Ligand code: BTN
């Protein structure tokens with residue numbers, strides 16, 4: 001994988017890093033800074049968030065200094081693509097620093113088995129000079145068992161618990177930004193291939209829990225569906241094989257089994 005100009009053939013802007021002790025949310029601060037004219041390549045980092053936001057209107061919990069949390073402003077054709085690049089960079093950072101690394105769970109989670117260690121939230125930002133995506137990563141780094149008992153349904157875990165050792169947040173951040181730069185410049189097919197290689201539950205039986213939506217079919221479904229996870233398509237839809245038919249799930253949550 002290349003860095004610098006990148007296979008996408010455009011000069012990538014340098015990182016413009018803003019670091020804070022406490023923020024409401026790095027995604028919200030990134031939006032405010034972009035509204036004030038901050039450029040693509042903006043990176044907003046916080047040691048603690050008081051109003052961390054997750055997907056589907058959920059909150060994102062952290063204890064000060066125990067999570068890696070940052071948001072990046074990127075020009076990208078979809079929130080899905082930006083989120084995949086960031087999730088892959090986070091995984092690669094853990095591996096580069098000697099860990100096993102988590103898998104990517106559709107749509108935007110980082111997991112060890114069924115347990116969630118991180119998540120990505122991408123939001124669009126419209127600009128006259130070209131729309132951007134604000135991609136926020138939250139990674140549980142230094143939590144001990146019990147410290148993350150916020151919502152058992154999310155089965156939260158941490159790098160400390162899964163990898164059995166402590167992690168330096170600054171090293172993780174540096175490695176993640178290095179990895180993101182490579183993937184930001186990489187052809188999309190290269191990232192798709194890498195994400196498939198680390199896709200949780202690929203080929204296994206999964207349940208898609210309500211509420212979820214099927215691609216091209218309006219409205220939310222309220223009954224769970226079970227099927228074999230066959231992959232993720234170019235638009236970011238989950239490919240679920242049910243009774244010999246391939247369904248495309250546009251949004252929702254997946255559980256193993
Ligand atoms: C999810 O799993 O639902 C996505 C979680 C995303 C959390 C990160 S933490 C940094 C950034 N700022 C936020 O408020 N949310 C994202």
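The residue that is nearest to the ligand (Cβ to nearest atom), among those in the stretch 20-42 that are crowded, with 21+ Cβ neighbours inside 10 Å and not in a helix (DSSP H, G or I), is 25.
For residues in the stretch 138-162 being touching a strand residue (DSSP E or B) at 6+ places or on another chain (Cβ under 7 Å) and assigned to a helix (DSSP H, G or I), which is nearest to the ligand (Cβ to nearest atom)? Among residues in the stretch 138-162 that are touching a strand residue (DSSP E or B) at 6+ places or on another chain (Cβ under 7 Å) and assigned to a helix (DSSP H, G or I), the one nearest to the ligand (Cβ to nearest atom) is 154.
Within the stretch 76-84, identify whether any single residue is under 29 Å from residue 11 (Cβ atoms), in a loop (DSSP other than H, G, I, E, B), more than 10 Å from the ligand (Cβ to nearest atom) and in contact with a strand residue (DSSP E or B) (Cβ under 6 Å, 6 or more places away or on another chain), and answer yes or no. Yes, the stretch 76-84 has at least one match. Look at residue 47 and say whether it is surrounded by fewer than 21 Cβ atoms within 10 Å (Cβ to Cβ) and at pLDDT 95 or above. Judged against the criteria, residue 47 is a match.
Under 24 Å from residue 82 (Cα atoms) and not in a strand (DSSP E or B) - does that describe any residue in the stretch 216-225? Yes; the residues of the stretch 216-225 include at least one that is under 24 Å from residue 82 (Cα atoms) and not in a strand (DSSP E or B). Taking residue 234 and the conditions (1) touching a helix residue (DSSP H, G or I) at 6+ places or on another chain (Cβ under 9 Å); (2) in a strand (DSSP E or B), which numbered condition does it fall short on, given that it satisfies the others? Of everything listed in (1) touching a helix residue (DSSP H, G or I) at 6+ places or on another chain (Cβ under 9 Å); (2) in a strand (DSSP E or B), residue 234 misses just condition (2). Of the residues 208, 135, 120, 111, which single one is more than 16 Å from the ligand (Cβ to nearest atom), part of a strand (DSSP E or B) and crowded, with 19+ Cβ neighbours inside 10 Å? The unique qualifying residue is 208. Within the option set 179, 219, 164, 185, being closer than 20 Å to residue 92 by Cβ and at pLDDT below 95 holds for one residue only, 185. Residue under question is residue 91, and the condition is that it be within 21 Å of residue 212 (Cβ to Cβ), under 13 Å from the mean Cα position of the chain (by Cα) and either within 13 Å of the ligand (Cβ to nearest atom) or touching a residue at least 60 places away in the same chain (Cβ under 8 Å) (or both); does it hold? Criteria not met by residue 91. Of all residues in the stretch 85-107, those satisfying the criterion of being part of a loop (DSSP other than H, G, I, E, B) and either surrounded by fewer than 24 Cβ atoms within 10 Å (Cβ to Cβ) or touching a helix residue (DSSP H, G or I) at 6+ places or on another chain (Cβ under 9 Å) (or both) are 97, 98, 99, 100, 101, 102, 107. Counting only residues that are near the ligand (Cβ under 7 Å from one of its atoms), in contact with a strand residue (DSSP E or B) (Cβ under 6 Å, 6 or more places away or on another chain) and part of a loop (DSSP other than H, G, I, E, B), the stretch 55-69 holds 1 of them. For residue 72, the conditions (1) near the ligand (Cβ under 9 Å from one of its atoms); (2) outside any helix (DSSP H, G or I); (3) surrounded by 23 or more Cβ atoms within 10 Å (Cβ to Cβ) all hold with the exception of (1).
Within the stretch 149-166, does at least one residue satisfy the condition of being over 17 Å from the mean Cα position of the chain (by Cα) and at positive phi? Yes, some residue in the stretch 149-166 is over 17 Å from the mean Cα position of the chain (by Cα) and at positive phi.
The values are calculated or read from the model by the stated rules, or taken from the named source; none is laboratory data. Computed from a predicted model, the values in this text were never measured in an experiment. Cβ sites come from the backbone with ideal geometry, for glycine too, and all protein chains shown count toward neighbours.
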